[in-house]
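Following: one structure in structure tokens, then a few remarks.
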């Protein structure tokens, strides 16, 4: 079955100019040289201290030498301002476009529906589906934002500022290392040192984990407790599904938020890492 949704809370930024690839390569967490028509890259923009600031999908425009950033609309102006600050003498032009973002999962819509769309598989997980940049909102987009939100919450996919805390969250805490959001082989980029140190020394103390509750999940920022002690925090959610920052060692405990039971629903792609970090062997595994 095909699910096809317009994502009205996303904006597309164009990065043009001869230096567009090396310019972004020195600023974001993933390898921009891997971007090509049909292949998108998910990457984060960090503070100089290595904390999350923004993230976006990077597409290649098949019709002109241009990179397209699919980002949260709430962060578009900040992303443009931040990138412009580092432009210096680079041959780069940065501006918003009129393109609109869609997502499809289950299967791609028929060829006529997506004609002229810029399409790439969501690079985070195969189950995530596809992302599409289009000139107009497609009338075939019958699924809504709620359907897409539930889809990504069950998979455990973070949604920018709804899940990450600006200038606080580490990329590994938000699972960028497990969801193809970091290149460990590219050259230096802003904030790389802390990200690499966290990875190779196994210093991750919490992870973003899917959770469920019989009651509607409380608001973002609500504390999660274990026997009265705060051990985590709710992030984005819808109804009974959500994401939360949790310590690996408490996942089998009786957890509560705002008086309601919170149950971790660890996806397969995250399970092994959480088990290793619970046992304190993750640093040995990644650095061996």
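The values are calculated or read from the model by the stated rules, or taken from the named source; none is laboratory data. Keep in mind the model is a prediction, meaning the values are calculated, not measured. Reconstructed Cβ throughout: ideal geometry from the backbone, glycine too, with neighbour counts over all protein chains shown.
Going by the conditions given, is residue 120 closer than 30 Å to residue 48 by Cβ and either surrounded by 17 or more Cβ atoms within 10 Å (Cβ to Cβ) or within 15 Å of the chain's Cα centre (by Cα) (or both)? Yes: the conditions hold for residue 120. Against the definition (touching a residue at least 40 places away in the same chain (Cβ under 8 Å) and either not in a strand (DSSP E or B) or not assigned by TED's automatic domain parsing to the domain that holds residue 128 (or both)), how does residue 243 come out, yes or no? Yes; evaluated as a whole, the condition is true for this residue. Scanning segment 151-184 for residues that are outside any loop (DSSP other than H, G, I, E, B), touching a residue at least 40 places away in the same chain (Cβ under 8 Å) and under 13 Å from the mean Cα position of the chain (by Cα) gives 153, 155, 160, 161, 162. Every condition in (1) on the phi > 0 side of the Ramachandran plot; (2) modelled with pLDDT of 95 or more; (3) out of contact with any strand residue (DSSP E or B) (no Cβ under 7 Å at 6 or more places or on another chain) holds for residue 17 except the one numbered (3). The number of residues in segment 71-109 being assigned to a loop (DSSP other than H, G, I, E, B) and either within 17 Å of residue 6 (Cβ to Cβ) or not assigned by TED's automatic domain parsing to the domain that holds residue 9 (or both) comes to 6. For segment 118-150, filtered to residues that are touching a helix residue (DSSP H, G or I) at 6+ places or on another chain (Cβ under 8 Å) and assigned to a helix (DSSP H, G or I), the residue that is nearest to residue 102 (Cα to Cα) is 128. Within segment 246-267, being farther than 15 Å from residue 218 by Cβ, more than 18 Å from the chain's Cα centre (by Cα) and outside any strand (DSSP E or B) holds for 247, 248, 249, 250, 251, 252, 253, 254, 265.
May I ask you to list the residues in segment 36-45 that are out of contact with any helix residue (DSSP H, G or I) (no Cβ under 7 Å at 6 or more places or on another chain) and either surrounded by fewer than 22 Cβ atoms within 10 Å (Cβ to Cβ) or not in a loop (DSSP other than H, G, I, E, B) (or both)? Steps first, please.
Our first condition is that a residue be out of contact with any helix residue (DSSP H, G or I) (no Cβ under 7 Å at 6 or more places or on another chain); within segment 36-45, this holds for 36-40, 42-44.
Listed by number, the residues that qualify are 36, 37, 38, 39, 42, 43, 44.
Just one of (1) crowded, with 16+ Cβ neighbours inside 10 Å; (2) closer than 18 Å to residue 157 by Cα; (3) in contact (Cβ under 8 Å) with a residue 24 or more places away in the chain fails for residue 263. It is (1).
Filtering 96, 115 for residues that are closer than 22 Å to residue 137 by Cα and modelled with pLDDT under 95 leaves a single hit, 115.
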